[in-house]
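Chemist: There's a structure below that I have some questions on.
Laboratory data are not the source of any read-out in this text; all were calculated from the coordinates shown. The structure presented is a predicted model; accordingly, all values stated were derived computationally and were not measured. Glycine also receives a Cβ, built like all others from the backbone with ideal geometry; neighbour counts cover every protein chain displayed.
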Amino acid sequence: MERSHDPALAWSSLGDRTAISLHAIEIRWVELQLRSPVRTSRGVHDRRPVILIRLIGTDPDGAVEGWGECAALAGTTYDAEDAATSFAALEQILCPALLSVTDSAGRMPSLGEFAVLRTDVSATSLAGAALEMAVADTHLRSEGTSFAELCNVGSDPVPVGAVVGECRDTTELVDRVDRLVDGGYQRIKMKIGRGWDVEPIAAVRRAHPGLFLQVDANEDYTESDIDHLAGFDRFELACLEQPFRREDLSGHAHLAHRMATPICLDESLHSVDMVVSALEMEACSVVCLKPARLGGIGPALEVIRVCSAASVPLWIGGMFETGFARAVNVVVGAVSGTLWPGDLSPAHSYLREDLTAQAAQAAGPLQVVPSRTPGMGPALDQAMVDRHTVNMVRLGSKPGSHFGDG
């Protein structure tokens with residue numbers, strides 16, 4: 001039986017044809033370092049804790065495993081769900097539920113069945129998305145199929161953009177942008193905030209008049225700043241991202257009617273329903289799509305459908321993922337067919353050490369293509385994962401089976 005050419009249908013049916021027994025789940029806390037600190041209006045990020053999930057099981061052909069990666073950051077300046085919250089939700093709720101359902105059914109659930117399993121844990125959407133990724137990775141590895149093949153996408157390069165944090169001065173900023181443009185990045189997104197906006201934007205625009213330039217405020221402004229923000233129109237920006245608090249859709253709608261510059265939302269869009277509401281209110285005309293924030297690939301594919309039907313441009317946002325999860329986002333970008341470059345630069349460009357076995361051979365930014373490796377992304381380097389693991393728990397399939405490793 002051939003799979004549907006509709007990525008959403010293919011995704012929900014993944015696992016219908018596989019019979020996988022799940023024996024154990026590892027939840028790992030891995031600590032990685034960013035190459036350079038990223039300064040935003042909400043704080044400074046210099047490290048990247050990564051919560052990884054490893055499913056260990058068997059299929060009719062023998063041993064099989066799958067991995068998932070959580071997008072949660074070190075603190076709550078960006079999301080209410082941080083790495084510690086995600087780890088706890090996985091250990092105490094989500095992974096035990098998956099083990100229980102698998103034991104009862106005699107097989108690991110399909111992706112459609114998994115979506116029902118986690119409907120009551122919307123407050124931990126990042127953890128849920130990570131476990132969804134692990135379930136999908138296990139099914140795909142069992143079938144010998146890649147995520148790209150499942151979604152029926154080819155091997156054409158996906159357009160890639162880069163992110164520049166706040167800098168000490170405009171000279172440093174322009175120097176960073178110069179290097180990124182010379183490196184082939186097709187879009188630059190600048191982090192801005194109160195006291196770091198007009199002058200740096202003007203400096204970059206003078207240096208690169210035709211650059212595809214976005215700015216991201218990370219909720220740093222209020223409606224009292226509308227006149228100030230409206231002045232950004234003279235810079236001919238691709239969009240202004242998330243100027244107001246995430247819950248203030250009416251404020252964004254007011255600003256959108258005052259500005260020629262398109263308004264993009266990110267933090268506000270934590271569900272498919274919120275995307276629909278924001279578009280109906282005209283609070284934004286561009287969508288930043290982050291599958292993890294929406295709760296996983298299933299909701300992300302639905303947002304792609306919504307935006308396509310409404311002719312609303314979208315682009316794929318990043319969370320400083322390892323090469324494994326970044327490869328997942330590359331495929332989502334290919335599915336979307338968007339011409340807007342996303343935050344899809346190779347992981348080794350922002351992490352001191354990646355966790356994927358192919359990190360050293362990664363192609364340049366203009367050659368980021370969907371992975372054809374069976375599973376959701378390229379294989380993780382087990383030795384590298386072990387070296388950077390600072391905490392791990394292992395849950396067994398039998399009730400009460402729980403092992404810790406500090």
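Chemist: Quick one: grab the alpha carbon gyration tensor of the stretch 49-177, order the square roots of its eigenvalues as a ≥ b ≥ c, and give me rounded if a/c is under 1.5, else prolate or oblate depending on whether a/b is larger than b/c.
Modeler: Oblate shape, in that a/c is at least 1.5 and b/c is the bigger or equal ratio.
Chemist: May I pose another question? By residue number, which cysteines of the chain lack any other Cys whose Cβ falls under 4.7 Å from their Cβ?
Modeler: Cys70, Cys95, Cys151, Cys167, Cys284, Cys288, Cys307, each lacking another Cys Cβ under 4.7 Å.
Chemist: Right, another one. Report, in degrees rounded to the nearest 10, the 0 to 90 angle that the Cα long axis of helix 297-309 makes with the longest principal axis of the chain.
Modeler: Relative to the chain, helix 297-309 is tipped by roughly 40 degrees.
Chemist: Just report the Cα centroid separation between the stretch 9-34 and the stretch 55-109, whole Å.
Modeler: Using only Cα atoms to place each centre, the spacing works out to 7 Å.
Chemist: Only Lys, Arg, Asp and Glu count, each charged at its Cβ (+1, +1, -1, -1), so figure out the dipole size of the stretch 59-198 about its Cα centre, rounded to 20 debye.
Modeler: 380
Chemist: Treating each Cα of the chain as an identical point scatterer and ignoring solvent, apply the Debye formula and state log10 I(q)/I(0) at q = 0.15 Å⁻¹.
Modeler: Per q value, in the given order, log10 I(q)/I(0) is -1.42.
Chemist: Can you give the translational diffusion coefficient of the stretch 128-269 in µm²/s, computed by Stokes-Einstein from the Kirkwood radius over Cα pairs at 4 °C and 1.567 mPa s?
Modeler: 75
Chemist: Residue by residue through the stretch 27-32, what is 3J(HN,Hα) from phi via Karplus (6.51 cos²θ - 1.76 cosθ + 1.60, θ = phi - 60°)? Round to whole Hz and write x for glycine and proline.
Modeler: 10, 10, 9, 10, 10, 10
Chemist: Still on this structure, please answer the following. What is the antiparallel percent of DSSP beta bridges lying wholly in the stretch 159-276, to the nearest 5?
Modeler: Here the share of antiparallel DSSP bridges comes out near 10 percent.
Chemist: I would also like to ask the following. Using Cα springs under 10 Å in a Gaussian network model of the chain, which residue among Pro374, Pro60, Pro243 shows the largest mean-square fluctuation?
Modeler: The residue that fluctuates most here is Pro60.
Chemist: So if a site counts as exposed when it's one of the GluC sites (Glu not before Pro), its DSSP state isn't H, G, I, E or B, and it has at most 13 other Cβ atoms within 10 Å, what's the longest stretch of the chain without one?
Modeler: Longest stretch, sites excluded: 3-235.
Chemist: What percent antiparallel are the DSSP beta bridges of the chain, to the nearest 5?
Modeler: So the antiparallel bridges amount to about 65 percent of the total.
Chemist: How tilted is helix 95-105 with respect to the longest principal axis of the chain? Cα atoms for both, answer in degrees (0 to 90, nearest 10).
Modeler: 40
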